[in-house]
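The values are calculated or read from the model by the stated rules, or taken from the named source; none is laboratory data. None of the values given here were measured: they were computed from a predicted structure. Glycine gets a Cβ as well: all are built from the backbone with ideal geometry, and neighbour counts include every protein chain shown. Only protein heavy atoms, including side chains, enter the accessible area calculation; ligands, DNA and RNA are left aside. Shrake-Rupley method; radii C 1.70, N 1.55, O 1.52, S 1.80 Å.
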Amino acid sequence: MKDLLTYLSQLLNFNSSHPLLFTQIHFWAFFLIVYLFYAFIATGRTLTHHRRVCRNGYLFIVSLFFYYKTSGLFVLLLVFSTLLGWLLGIRMDHSTSEPRRKLLASIGVVVNLLVLCYFKYAYFFTDIYNATFGSDVHVINHLARWGNAVFHTDRFDAAVIILPVGISFFTFQNISYIVDVYKRKIAHVSNILDFGFYTSFFPQLVAGPIIRADQFVPQLYKPFFLSRRQFGIAIFWILNGLVKKLVLSDYLAVNFVDRVFDNPALCTPFENFSALMLYSMQVYADFSGYTDIAIGVAMLMGFYLPLNFRSPYKAQNPTEFWRRWHISLSNWLRDYLYIPLGGNRTSGWLSYTLLAAIMAIAAFRLHSTVFTIAVIIVAVVIAVFYVFFPARRRNLGTNVNNMDTMLLGGLWHGASFNFITWGGLNGLGILVYKWWRKRGWITHILTLAITTIVLLVFKNIFSSPLLNMLFAISLICMIVYTVLNFMPQTSRYTKKSWTAWFTLLTFVFISFTRLFFRSGSNLDPAEANEVAWLTASLMVGQIGSHWNLAQIPQIIGAYWMPFLLFALGMTIHWLPERFKRRYRLWFAAMPLWAMVIFVLAMVFVLYQFVTADLQPFIYFQF
């Protein structure tokens with residue numbers, strides 16, 4: 001009896017070292033129990049008011065328990081955010097005064113952002129303050145202090161602010177609801193149990209996708225329905241996500257990527273380059289694997305989450321990539337940040353102020369003469385175009401809005417300059433592509449030729465690994481682009497060659513930007529900047545040094561399994577969408593007995609890839 005009580009205590013209490021993850025058997029036992037009760041509550045020919053409230057209230061309570069098992073007492077923060085959004089939505093819809101409605105909406109957005117800033121950006125802003133004023137201010141967890149004072153205990157550490165899991169996701173969901181109610185896109189949700197279910201739905205709560213109010217709230221009032229085909233597709237998504245996470249992501253991380261990133265100076269140039277490419281597959285398999293599982297679990301309960309990935313590595317340019325990658329965040333940033341800043345129409349003082357502030361703080365904080373000069377040049381160019389070329393102000397404003405969105409999107413991912421750098425590089429890639437697509441092939445070749453020559457001169461003068469790397473990339477681009485331009489452009493082979501080249505170039509560019517993304521991940525905010533930039537410089541130094549091509553076959557032979565999985569993953573990723581849809585439907589149409597056998601076989605295979613220490617999902621930290 002004592003052992004049973006101990007087990008139940010462990011089952012019900014939060015354990016920070018063993019959070020409830022999709023990759024754990026405990027989660028699937030939890031979901032099975034939840035689903036059995038849910039089927040009893042939700043199934044019925046009609047969805048009466050009483051049945052709907054019971055169903056949504058049940059899932060709200062279950063979701064709060066799930067979040068408690070993932071984040072402990074931070075569940076109180078989720079409850080606060082839920083109550084705030086619910087009350088403000090009601091007050092806005094009941095108010096006939098437009099200024100009052102705008103005030104309530106502003107309060108909701110500001111409070112949500114302040115909570116997010118406190119938990120996620122306290123170290124970041126404190127670091128900037130200390131660097132600016134030469135002070136030595138330390139972060140203090142005031143909530144922990146108050147908790148210790150109220151409960152007369154020293155249980156909470158007031159010297160550390162811990163980031164609640166998934167705070168960025170449920171904060172953005174609440175903001176979307178408040179803004180959509182204010183704009184009258186949707187009516188407010190009157191029942192707290194219904195609204196709580198929307199804000200805390202456990203499959204997507206901690207790592208997305210971000211569910212918009214106008215997409216999900218209407219589903220609160222629909223009856224449960226699950227056809228035989230939908231059941232099969234849901235099981236397929238769950239298995240697909242588990243394979244991505246355990247077979248691809250975790251295996252690549254443990255057996256290659258992490259080893260290189262931990263000691264880049266001890267690895268060859270090819271190993272450093274390969275680690276960047278394989279990390280792109282790792283992070284995609286990890287994040288899209290989570291969302292696949294979330295989509296499948298939600299579908300089993302009769303709810304539909306938005307598509308979050310659409311084969312992003314098929315993209316032929318950075319703009320297309322961000323239409324395919326983390327679609328729910330990209331759409332959120334477009335609708336709630338880019339368009340309010342002016343979008344493609346115009347830009348106001350806020351757009352230029354945001355860009356100037358971010359760039360100035362970065363230049364001041366990084367203590368880099370080269371970066372500071374670059375910032376000054378950019379500022380002068382923007383000022384010249386704004387003052388002397390009024391006809392180009394609209395285009396200039398659009399570019400500034402694009403860059404602001406990408407910089408703030410980078411900052412959303414993490415509270416350090418390496419994430420801002422990552423966002424800025426993606427923004428720069430989008431702007432370069434926008435300029436490039438408006439130019440002819442002669443301008444393209446001349447640009448590449450001049451760039452290659454300039455880099456050749458500078459790399460011989462300064463002997464920099466970064467310049468060596470950029471020169472090699474520029475030279476390859478110039479050669480390939482020239483060859484492709486002199487091929488028959490009407491040939492089917494030429495068109496496919498262009499597609500393959502642009503797809504490869506986009507993938508390599510995106511992978512290189514992730515040098516800063518990966519280097520700062522899973523680090524304490526206080527040390528993220530320094531460690532990230534050190535890792536990035538070491539990896540660039542290795543990639544930009546002399547390559548011993550004779551070592552490449554030996555390295556691939558030593559790590560044949562990670563390279564094979566990477567090749568298989570990319571091959572499946574590049575398959576036509578209609579083919580993927582066909583085998584999803586084929587799986588869904590299998591007889592139930594055959595589906596059970598297939599699932600059991602896949603579970604056995606997945607078990608072979610489970611590492612001793614399960615890797616947390618990468619996007620949990622965001």
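Computed extension length for L103-K580: 166.9 nm, one decimal, from 0.36 nm per residue of separation with the Cα-Cα distance subtracted. Give, to the nearest whole percent, the P(r) tail of segment 191-289 beyond 20 angstrom, counting all Cα pairs. Counting pairs separated by more than 20 Å, the tail of P(r) holds 58 percent. Rounded to the nearest angstrom and listed largest first, the equivalent-ellipsoid semi-axes of segment 70-114 from its Cα gyration tensor are 25, 11, 4.
Here the chain is assigned +1 on the Cβ of each Lys and Arg and -1 on the Cβ of each Asp and Glu. Its dipole about the Cα centre then comes out at about 2640 debye. Between the listed residues F563, G57, L20, the Cα displaced farthest toward the positive end of the dipole of the chain, a dipole computed from Cβ unit charges relative to the Cα centre, is found at G57. If you line up the long axis of helix 167-182 against the longest principal axis of the chain, both from Cα atoms, how many degrees apart are they, to the nearest 10? The answer is roughly 80 degrees.
Protein heavy-atom surface of the chain, 1.4 angstrom probe: 70% of the accessible area is carbon and sulfur, with nucleic acids and ligands not counted. Could you tell me which of F303, A374, A285 has its Cα farthest along the dipole of segment 273-390 towards the positive end, charges placed at Cβ (Lys, Arg +1; Asp, Glu -1), taken about the Cα centre? Positive-most Cα among the choices belongs to A374. In the full protein context, the chain carries 49 Å² of accessible surface per residue, based on a 1.4 Å probe and ignoring ligands, DNA and RNA.
In a DSSP loop and with at most 16 other Cβ atoms within 10 Å, there are no chymotrypsin sites (Phe, Trp or Tyr not before Pro) in segment 35-77.
From helices alone, the chain scores -23500 deg cm²/dmol at 222 nm; the rule is -39500 (n - 2.57) for each run of n ≥ 4 DSSP H residues, then divide by the residue total. Stokes-Einstein, applied to the Kirkwood radius of the chain over Cα pairs at a viscosity of 0.692 mPa s and 37 °C, places its translational diffusion at 123 µm² s⁻¹.
Between helix 25-42 and the chain there is an angle of about 50 degrees, using the helix long axis and the longest principal axis of the Cα atoms.
For K495, the lysines whose Cα comes closer than 17 Å to its Cα, not counting residues fewer than 8 places off in the same chain, are K314. Helix 269-300 and the longest principal axis of the C-alpha atoms of the chain enclose an angle of approximately 30°.
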